[in-house]
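Below: the structure, in structure tokens.
The values are calculated or read from the model by the stated rules, or taken from the named source; none is laboratory data. These numbers come from a predicted model, not from an experiment. Positions of Cβ are backbone-derived with ideal geometry, glycine not excepted, and every protein chain shown enters the neighbour counts. What goes into the accessible areas is simple: the full protein's heavy atoms, side chains included, and nothing from ligands, DNA or RNA. Shrake-Rupley method; radii C 1.70, N 1.55, O 1.52, S 1.80 Å.
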Amino acid sequence: MIAPLIAASLLTVQPAVTPKNLPEIVVDRDNVQINQSCVVKIPEGLVIADLDGNGVIQVTGDDIVIDFSGSVLRGADIGTPWNTLSGTGIMIDAHRGVVLQNLAVHGYKIGVFARYADTLEVTAADLSDNFRQRLGSTPDREDNSDWLYPHHNDENEWATKYGAALYIEESDDVLVRRVRVRRGQNGIILDKVQDALIYDNDCSFLSGWGLALWRSSRNTITRNHFDFCVRGHVEGVYNRGQDSAGILMFEQCSDNVIAENSITHGGDGIFGFGGLDALGQSERDAERARLTQDLAAQGVDDQIAYEPEVLQAHDRTGCNGNIFAYNDLSYAPAHGLEMTFSFDNVVLHNRFVENAICGIWGGFSQDTLIMENLFDSNGGMAYGLERGGVNIEHSASNLILSNRFVNNRAGVHIWWDGLGDFASLPWAKANYRGVSGNVIADNAFIVDDKPASFHKMSSTERLVAVQLRNDGGAFESISIANNTYDIEDGIGEEQRNTGATPISTNGPIPGIALPDYEVRGDRRPVTLADGIPVSVRTSLQGREQIIMDEWGPWDHESPLFRPVSVSGGEAVYELLGVDEVQVEAKNEGYSVSVTDAPTHDGKRITIAAREGVVPFEVDISSGAFSTTVTGTLLQARWIGRVFSWADGPDPREDFEGWWKLARVSGSRPFGLKSVTLPFAMGGPIDLVNQGLIEDTSGTLVDSGIGRERFGVEVVGRLRMPAGRWRVQTISDDGIRVSVISSTNETQTVIDNWTWHGPTTDEGFFSVGQDNELVMIRVLYFEIDGYSTLNLTLEAAP
């Protein structure tokens with residue numbers, strides 16, 4: 001039977017050994033070896049760097065208990081930038097039965113590293129303030145360099161690149177409980193670990209993964225908090241997640257039990273991928289290279305074939321047979337649960353609410369049971385047609401039964417589209433069955449006018465209960481039976497089907513034998529509401545609670561200082577988590593005001609220039625927190641024109657022809673205070689509706705200028721002090737900036753006239769005398785997808 005959420009704990013946490021009568025070992029230098037049970041004593045305030053990378057404390061004994069009893073092992077001074085931290089605090093290498101308890105390890109690349117350490121136990125540990133990367137993404141735009149790449153880890157790439165609070169490698173029967181991690185990138189990493197017990201931990205508010213599994217199976221992961229493990233999200237602007245997750249499962253992690261956890265606000269809640277080895281990528285690449293050489297030809301994928309033993313080795317490989325039960329998997333910038341190229345997983349009694357793209361993304365997965373879950377208001381910041389509750393591309397024999405779908409962009413969306421070079425992989429040849437054998441039955445679909453956190457949803461879009469789509473491939477009949485539909489007219493529709501999508505409405509509903517599983521832990525990170533688990537962090541519901549700075553998500557406890565916008569004649573900052581703020585302007589020409597932050601407890605600081613180009617320096621403090629902000633304000637009036645080039649010409653091929661479109665009748669004027677145009681997935685009309693630009697003719701909103709293939713020309717005139725100046729832009733796509741001086745000399749200072757993602761460019765120009773009149777012209781084009789344009793100006797050194 002399934003262990004109920006309200007059942008008594010199966011294990012009461014007690015220390016493995018009490019520290020009384022244990023010998024004391026003083027750790028006051030690097031390379032201290034411990035081979036016996038003991039109490040560790042570290043002089044208060046002492047910093048001990050790992051100078052040679054093999055661990056400050058090296059455990060060299062088996063079956064021993066090491067109690068830190070309040071001592072703190074610290075590898076760097078408080079305030080050292082997290083991305084410069086290095087070394088390992090505690091190293092265990094090839095010793096079994098080690099117990100670490102009551103420890104605090106801060107200031108290292110890896111807090112605790114254990115390999116070949118069967119029956120390891122880590123209990124009651126604070127492993128906060130270890131390594132994390134500095135993020136390049138800002139409130140205005142995403143930086144693609146922030147994306148994680150978890151696809152390889154057989155050479156400890158995760159540890160090398162990203163660090164961890166606790167890294168356990170090739171160790172079985174491990175116990176990890178009551179570990180707390182904050183202000184880091186990764187919490188717990190299990191690398192080829194089997195039969196572990198992971199419970200009562202809280203690894204939250206991290207910039208990478210709360211728990212990450214690589215080739216790790218048969219582990220019990222219950223009653224943990226892995227919340228706010230996220231990067232790459234600004235509500236209403238961009239939602240990428242950048243492969244962060246509350247729980248990451250890569251490369252054939254199978255038969256794990258993941259139950260009664262709070263896993264909210266992760267890039268994905270749970271991100272599972274069968275793995276590159278599971279797909280057979282290396283075998284395919286080798287066979288492709290051989291055929292290309294033997295045949296002296298390109299495009300040989302249709303001739304690729306494999307020996308039977310290769311196909312057998314990839315038969316049903318993936319992250320298989322995992323149980324996901326009674327978890328709260330809500331408020332992700334991407335997906336509540338992503339599980340692709342995998343088999344036989346069970347998704348039971350989970351909560352999927354307001355995930356920005358979809359609740360479950362299960363591309364190419366087969367034989368999945370999705371049963372008795374809640375899907376509510378998913379798809380609010382979706383990209384394209386992948387959106388809503390359950391989305392499965394190339395779905396085969398997946399059962400979607402007895403779930404409740406409320407106001408999702410699409411309740412269930414199943415489709416076939418082109419396979420591309422995927423068809424040449426061993427996994428595809430061994431397992432691919434097209435869209436076949438799927439059942440959608442006994443579900444409740446509800447669409448009403450309840451407000452939902454949907455962004456940039458057109459006024460004509462309707463929510464849909466079930467969408468089937470076939471772009472011309474193998475699509476067998478889907479059984480859709482015994483569902484109920486409560487859909488308000490004008491808001492939603494029952495079905496939307498395109499292509500050949502045969503449906504059976506009277507097929508048998510298969511019987512289900514639910515799996516048994518065990519739950520460990522004393523803590524209750526979720527409680528039941530109408531049978532559905534809800535995270536106990538109820539005050540933090542909603543994606544808008546994801547507040548990022550350059551290091552990661554705000555923990556909603558300590559003060560967080562962040563720039564909101566620095567553009568034109570105004571710079572806005574927020575200091576969250578404080579009641580009062582003191583500010584002091586260090587020079588003249590601008591005003592500083594303090595108001596309540598509009599969305600969270602804290603204060604907003606606004607620095608506004610009076611006129612012209614004004615450098616500023618302001619001290620900001622509150623309690624123990626203090627910082628100084630500097631910059632240059634540009635108070636000018638800009639005028640612009642926007643136009644469509646959907647019918648050509650392409651600006652990369654015919655610049656002059658494209659630029660002429662700014663002068664034809666189809667273009668529209670607009671006004672703006674600064675060159676800050678965060679189009680995101682929208683277009684010029686969206687910025688008018690958001691109040692970011694002014695529709696000076698009153699005709700832009702009705703112009704039909706869309707969200708793709710539009711151009712912008714912006715011109716500003718301002719009087720500037722003498723000196724050398726730097727122009728910096730962030731653009732997606734093409735950007736060209738010219739400066740025209742009072743002598744009519746034109747200088748192109750930035751020219752990145754290409755299709756590109758969000759990219760920072762800079763250029764320089766000089767002003768010969770004070771109060772010289774300078775004109776700045778910005779030309780910009782957008783092709784498709786995400787788009788942004790931002791320009792700043794500051795004195796150059």
Under a cut-off of 12 Å between alpha-carbon atoms, report the aspartates and glutamates in cross-link reach of LYS586, not counting same-chain residues fewer than 8 places apart. GLU617, ASP619
Classify region 168-295: rounded, prolate or oblate, from the alpha-carbon gyration tensor (a ≥ b ≥ c, eigenvalue square roots; a/c under 1.5 rounded; otherwise prolate if a/b is larger than b/c)? oblate
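What does the highest-first list of 625-636, 391-402 look like by mean Cβ count within 10 Å?
391-402, 625-636
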Please name which of LEU468, GLY280, THR759 has its Cα lying farthest along the dipole of the chain towards the positive end, using unit charges on Cβ (Lys, Arg +1; Asp, Glu -1) and the Cα centre as origin. THR759
Could you sort 431-439, 361-369, 586-594 so that the peptide with the highest average Cβ count within 10 Å comes first and the rest follow in order? 361-369, 431-439, 586-594
Please report Rg over Rh for region 698-747, where both radii come from the alpha carbon positions and Rh follows the Kirkwood definition. 1.07
If I compute solvent accessible area with a 1.4 Å probe over the protein chains, what percent of it on the chain is carbon and sulfur? 47
Of all alpha-carbon pairs in region 529-629, indicate the percentage at a distance above 19 angstrom. 49
Near the amide H of ASN443, under 5 Å away, which other amide H atoms are found, from residues 5 or more places off or on another chain, if H is placed in the peptide plane? SER402, ASN403, ASN483, THR484
Solvent-accessible heavy-atom area per residue, rounded to whole Å², over region 607-701 at 1.4 Å: 47
Using Cα positions and a limit of under 26 Å, work out the lysines in reach of LYS192, with same-chain residues fewer than 8 apart set aside. LYS109, LYS161
Dimensions in Å of region 354-504 - Rg and Dmax from alpha carbons: 14.9, 47
Heavy-atom surface of region 489-566, accessible at 1.4 Å and reported per residue (Å²): 52
Given contacts defined as C-alpha pairs under 8 Å and at least six residues apart, what's the relative contact order of the chain, whole-number percent? 7
Place the peptides 260-269, 148-157 in order of packing, highest mean first, counting for every residue the other Cβ atoms within 10 Å and averaging per peptide. 260-269, 148-157
Karplus ³J(HN,Hα) for region 769-777 (6.51 cos²θ - 1.76 cosθ + 1.60, θ = phi - 60°; Hz, whole; x = Gly/Pro) runs 8, 4, 6, 6, 7, 10, 10, 10, 10
Volume of the Cα convex hull of the chain, divided per residue and given in Å³: 193
Can you tell me the accessible area per residue over region 121-167, all protein chains present, probe 1.4 angstrom, in square angstrom? 34
Over region 674-797, calculate the relative contact order: mean separation of alpha carbon pairs under 8 Å at least 6 apart, over the residue count, as a percent. 38
Rounded to 5, the percent of DSSP beta bridges in region 182-320 classed as antiparallel: 10
Can you grab the distance from the C-alpha centre of region 351-371 to the C-alpha centre of region 377-393, Å, no decimals? 10
Determine the order of ASP67, ASP549, ASP516 by accessible area, beginning with the largest, at a probe radius of 1.4 Å. ASP516, ASP549, ASP67
What percent does the relative contact order of region 64-150 come to when contacts are Cα pairs within less than 8 Å and at least six residues apart? 30
